[in-house]
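See below for the structure under consideration.
The values are calculated or read from the model by the stated rules, or taken from the named source; none is laboratory data. From a predicted model like this one, the values you see are computed outputs, not experimental measurements. A quick note on method: Cβ atoms are made from the backbone with ideal geometry, for glycine too, and the neighbour counts reach across all protein chains shown. Ligands, DNA and RNA are excluded from the accessible area calculation, which covers all protein heavy atoms including side chains. Shrake-Rupley method; radii C 1.70, N 1.55, O 1.52, S 1.80 Å.
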Amino acid sequence: QSGNSFHVFDQGQFAKEVLPKYFKHNNMASFVRQLNMYGFRKVVHIEQGGLVKPEKDDTEFQHPYFIRGQEHLLENIKRKVTSVSNIKNEDIKVRQDNVTKLLTDIQVMKGKQESMDSKLLAMK
């Protein structure tokens, strides 16, 4: 009504009739996953308490850039990506330090093992 969300009133019918026209599937859960990847969120009304399932098969979704009459905002709706560029350089440095320490520890353990092997051989 306010123009800042959309409703799916009958998920079964929506999945059967609408989704196949625009997607390679008719799976409502996959559609919701796609919405989430693009930043849409399910609207939970306070009177529903967030945990109580609504009596009607009515699901509402909203996005800050999905507003009736504001088509120019749609270009801001982008798929969320997690990429290697999001990893901070200091995180990479810490990880490299950890790997270096592990490799050093392994070398020390190998040396101790070889020493123990030779002592055992001498005892035999």
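Observations on the structure shown:
- Filtering segment 57-72 to residues that are assigned to a helix (DSSP H, G or I) and either among the basic types (Lys, Arg) or not assigned by the TED database to the domain that holds residue 41 (or both) leaves nothing.
- Residue 53 vs. criteria in a loop (DSSP other than H, G, I, E, B) and either open to solvent by 100 Å² or more (accessible area, probe 1.4 Å) or at pLDDT 65 or above (or both): yes
- Candidates in segment 3-20 are the residues that are among the polar types (S, T, N, Q) and either within 26 Å of the chain's Cα centre (by Cα) or not assigned by the TED database to the domain that holds residue 32 (or both); of these, the one that is surrounded by the fewest Cβ atoms within 10 Å (Cβ to Cβ) is 4.
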